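Okay, so here's the structure we're looking at.
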Amino acid sequence: MNTFKLRILTPKGLYLESDVAFLSVRSEESVLGILPGHRPLVSTVAVCIGKIIFKEKEYFYAMGGGVLNI
C-alpha cells in the first residue's frame, strides 16, 4: 500500500508523525480526501472529525481547526 508522511502539529508541539495511506478532513468549503501523490495544496481545516488510514486500520480524530499544507 502506498503511503505519505503525515505530521500533526498542535500548539503544544508534535502530536503525530507517521506514514499513512489516507487522510480525510473538512475544510471551510468541502471535505478533502488526501491520498499519496496528491498535488500541493494549502487549505484551512474546519472543526471536524478527521479520518486517517494507518497500517490498514481506520482511526478517527477530533480536529479543532487549523491549516493543511501538502
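Nothing in this text is a laboratory measurement; each read-out follows from the coordinates by a stated rule. Keep in mind that what you see is a predicted model, and the values were worked out from it rather than measured. So basically every Cβ, Gly included, is an ideal-geometry build from the backbone, and we count neighbours across all protein chains shown.
Dividing the mean sequence gap of close Cα pairs (under 8 Å, 6+ apart) by how many residues the chain holds gives a relative contact order of 27 percent. For the chain, the convex hull spanned by the alpha carbon atoms encloses 81 Å³ per residue. Less than 5 angstrom separates the built amide H of residue 27 from those of 32, 46, all sequence-distant by 5 or more or on a different chain.
The amide H of residue 22, built 1.01 Å from its N in the peptide plane, has 53 as neighbours under 5 Å, considering only residues 5 or more places off or on other chains.
Farthest towards the positive end of the charge dipole of the chain, among the residues 24, 54, 43, is the Cα of 54, using unit charges on the Cβ of Lys, Arg, Asp and Glu.
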